[in-house]
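The structure under discussion appears below in the form of structure tokens.
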Amino acid sequence: MSADLEKTIDRIATEVVAKHAIAVDRGEFPTAALTALREAGLLGLTSATAVGGLGQGLRAAALTVERLGRECGSTAMVVCMHYAGTAVIEQLGPEAIRKDIAAGKHLSTLAFSEAGSRSQFWAPVSTATATTSGVALDAQKSWVTSAHHATAYIWSSKPVAAAGPSTLWLVPRDTPGLTHGAAFDGLGLRGNDSGPVAAKAVHLSESARLGADGGGFAIMMELVLPWFNVMNAAASLGLMEKAVSATAAQAAGAGFAHTGTTVADLPTARAFIARMRIRTDMLRGLLLDTIDAIERSRPDAVLRVLEIKAAAGEAATEVTDLAMRVSGGAAFRKEVGVERVFRDARAALVMSPTTDQLYDFIGKAVCGLPLF
Ligand SMILES: Cc1cc2nc3c(=O)[nH]c(=O)nc-3n(C[C@H](O)[C@H](O)[C@H](O)COP(=O)(O)OP(=O)(O)OC[C@H]3O[C@@H](n4cnc5c(N)ncnc54)[C@H](O)[C@@H]3O)c2cc1C
């Protein structure tokens, strides 16, 4: 990523994302941030230059999501989902939609999780049934980020006729027959507009299919998983950076009048801050190594992709927990920013693939067992 692009992202993060972070945490969708990103061409960051995008890859996407995550976890997650959906559309979607994404006219997201298969997104129970003019979708999607704001969803179903666990579709948000439940009043990531979306006999043309019938599983594992896991980890890293800087500032500024010292003068507090710094730097090292493994098609790339999200979810939980401890009562006050990252960081543990699922997959990979 060029220095100019980095500067632009930094400016938007500082001037727009940070300014709206408290309102977004109250449940407001990060529209101002998306407008600023759109105007800077950053919603098309990963679109090919041939369709008008900035032609950047996963590394730039991860750096962008991390920078946004330092200011606002919800904004980072909306953008993470947009780039994950864009990766699918760039490879398998129609050129007109690719151009729309590059121009910032199309916000993407993933609609994989379902009430039936829960976090095991690789095995949807929703259906796509052949009709005389295309297919009819029936589904109970349980959690969709940007549910009321995305232009279209990358949607999974059982195959129409082929073997295999799934098929993917591009489903416009305003398709008749879709119903959108209210956004969840969640613990963290409160502004990312996650909510359920149901489909009842939703008519789609066959041309809305992304990839082959029955090809969904391979797309999920080979394309979506690396993008999502790396960017989700980058969002966690951003939250950790925020936790470290906010805690250090709080400790340095919290004075004991009777001794003339601060919390930062306490060796226990400093040791906790040191642990937070080390965990954050270790995660950054693993994140950069994971991106390197993917870019160079290293033999350990799959293992790294599985590891990075599990490592990030755990590390962010630990670091933000320490931030709450060291920042004392101040951590409970919203304007300090520590309790927000503490809440936001917990989502990574349960966003699929969940940390516990990843441990199972990693254990299987290390033991030489098949993942599925
Ligand atoms: C803020 C937020 C935004 C989200 N956005 C999206 C989105 O945009 N698109 C989307 O598709 N989904 C999204 N999700 C859904 C997410 O990916 C998970 O599917 C969802 O959080 C799982 O919740 P559940 O109650 O169904 O979990 P459950 O499946 O009931 O899991 C309960 C527990 O069982 C464990 N578990 C389940 N299977 C296994 C296994 N095989 N091995 C070991 N442990 C296992 C889990 O780790 C978890 O600890 C979002 C979730 C959140 C919280």
What does the range 280-372 give for Rg and for Dmax, in Å, if only its C-alpha atoms count?
15.8, 48
What distance in nm lies between label points placed 7 Å from Cα along the C-beta direction at ALA271 and THR49?
5.4
Name the most mobile residue of ALA162, ALA103, ALA60, meaning the one with the largest mean-square fluctuation, in a Gaussian network model of the chain with Cα contacts below 10 Å.
ALA162
Take the alpha carbon gyration tensor of the range 217-366, find the square roots of its eigenvalues, order them as a ≥ b ≥ c, and report rounded if a/c is under 1.5; if not, report prolate when a/b exceeds b/c, else oblate.
prolate
Might you work out the accessible area of GLU222 for me, using a 1.4 Å probe with all protein chains in place, and round it to the nearest 10 Å²?
140
Under the rule of at least 5 residues apart or a separate chain, name every residue whose amide H is placed under 5 Å from the amide H of TYR153.
VAL171, ARG173
With springs connecting C-alpha atoms under 10 Å apart, model the chain as a Gaussian network and identify which of GLY69, GLY177, GLY195 has the largest mean-square fluctuation.
GLY177
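Counting Lys and Arg as +1 and Asp and Glu as -1, what is the net charge of the other residues whose Cβ lies under 12 Å from the Cβ of PRO94?
Details: positive: ARG98, LYS99, ARG209; negative: GLU90, GLU95, ASP100.
Here the charged neighbours net out to 0.
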Note down the nm distance, to one decimal, between modelled labels 7 Å out along Cα→Cβ at ALA249 and at PHE332.
2.2
Before anything else, pin down the relative contact order of the range 209-293: Cα pairs under 8 Å, at least 6 apart, normalised by residue count, whole percent.
28
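Checking the a/c ratio against 1.5 first, then a/b against b/c, what shape does the Cα gyration tensor give for the range 119-230?
Numbers: a/c = 2.03, a/b = 1.27, b/c = 1.59.
It comes out oblate by the Cα gyration axes.
With a 1.4 Å probe and all protein chains left in place, how much accessible area per residue does the chain have, in Å²?
Values: 15290 Å² over 372 residues.
I get 41 Å² per residue for the chain.
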Roughly how many percent of the accessible protein surface of the chain is carbon and sulfur, given a 1.4 Å probe and a whole-percent answer?
57
Out of ILE362, HIS258, PHE272 - ranked by how far each Cα lies towards the positive end of the dipole of the range 217-366, with unit charges on the beta-carbon of charged residues - the top one is HIS258
At a probe size of 1.4 Å, how large is the accessible area of PHE29, to the nearest 10 Å²?
20
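Do you know the relative contact order of the chain, to the nearest whole percent, from alpha carbon pairs under 8 angstrom that are 6+ apart? Could the numbers behind the result be given before it?
Values: 752 pairs, mean separation 58.7, N = 372.
Value for the chain: 16 percent.
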Rounded to the nearest 0.05, what FRET efficiency do VAL350 and SER2 give with R0 = 51 Å and r taken as the Cβ-Cβ distance? Could you check?
0.90
If each residue of separation counts as 0.36 nm, what is the full-extension length gain between ARG296 and ARG38 once their alpha-carbon separation is subtracted?
89.9 nm
Pop out the ³J(HN,Hα) list for the range 68-83 in order, Karplus 6.51 cos²θ - 1.76 cosθ + 1.60 with θ = phi - 60°, rounded to Hz; leave Gly and Pro as x.
5, x, 5, 9, 7, x, 5, 4, 4, 6, 4, 6, 4, 5, 5, 5
Could you tell me the center-to-center distance, by alpha carbons, between the range 200-249 and the range 129-162 in angstrom?
17
Return one number: the angle in degrees, 0 to 90 and rounded to the nearest 10, between the long axis of the Cα atoms of helix 301-327 and the longest principal axis of the Cα atoms of the chain.
40
Positive-end residue of LEU168, SER113, GLY181, charge dipole of the range 111-214 with Cβ unit charges
SER113
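Could you sort out which of LYS7/LYS309; LYS99/LYS141; LYS141/LYS334; LYS309/LYS364; LYS7/LYS99; LYS19/LYS334 sit more than 21 Å apart by Cα distance in this structure? Before the final figure, lay out the partial values.
Details: LYS7/LYS309 27 Å; LYS99/LYS141 27 Å; LYS141/LYS334 32 Å; LYS309/LYS364 16 Å; LYS7/LYS99 25 Å; LYS19/LYS334 14 Å.
Beyond 21 Å: LYS7/LYS309; LYS99/LYS141; LYS141/LYS334; LYS7/LYS99.
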Using each residue's phi in the range 11-18, evaluate 6.51 cos²θ - 1.76 cosθ + 1.60 at θ = phi - 60° and report the 3J(HN,Hα) Karplus result to the nearest Hz, with x for Gly and Pro.
5, 5, 4, 6, 7, 10, 5, 4
Taking the chain as the reference, fit the longest principal axis to its C-alpha atoms, fit the long axis of helix 225-253 to the helix C-alpha atoms, and give the angle between the two in degrees, 0 to 90, nearest 10.
20
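Suppose accessible area is computed on protein heavy atoms with a 1.4 Å probe; arrange PHE342, PHE228 from highest to lowest. Could the numbers behind the result be given before it?
On the way: PHE342 55, PHE228 10 Å².
Sorted by accessible area, descending: PHE342, PHE228.
Give the ranking of TRP227, TRP155 by solvent-accessible surface, highest area first, calculated with a 1.4 Å probe.
Values: TRP227 45, TRP155 0 Å².
Accessible-area ranking of TRP227, TRP155, largest first: TRP227, TRP155.
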Lys, Arg +1 and Asp, Glu -1 on Cβ, resulting dipole of the range 217-366 about Cα centre, debye, nearest 20
340
GLU90, GLU95, ranked by accessible area, largest first (probe 1.4 Å)
GLU95, GLU90
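Let me check against my output: what whole-number percent is the relative contact order of the range 1-114, with C-alpha pairs under 8 Å and at least 6 apart? Show your work: numbers first, answer last.
On the way: 146 pairs, mean separation 31.3, N = 114.
Value for the range 1-114: 27 percent.
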Treating the beta-carbon of each Lys and Arg as +1 and of each Asp and Glu as -1, no other charges, what is the dipole magnitude of the range 55-148 about its Cα centre, to the nearest 20 debye?
180
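The values are calculated or read from the model by the stated rules, or taken from the named source; none is laboratory data. Keep in mind that this is a model prediction, so the values were computed, not measured. Cβ coordinates were reconstructed from backbone atoms using ideal geometry, including for glycine residues, and neighbour counts include every protein chain displayed. Quick note on the areas: whole protein, heavy atoms, side chains included, nothing else; ligands and nucleic acids left out. Shrake-Rupley method; radii C 1.70, N 1.55, O 1.52, S 1.80 Å.
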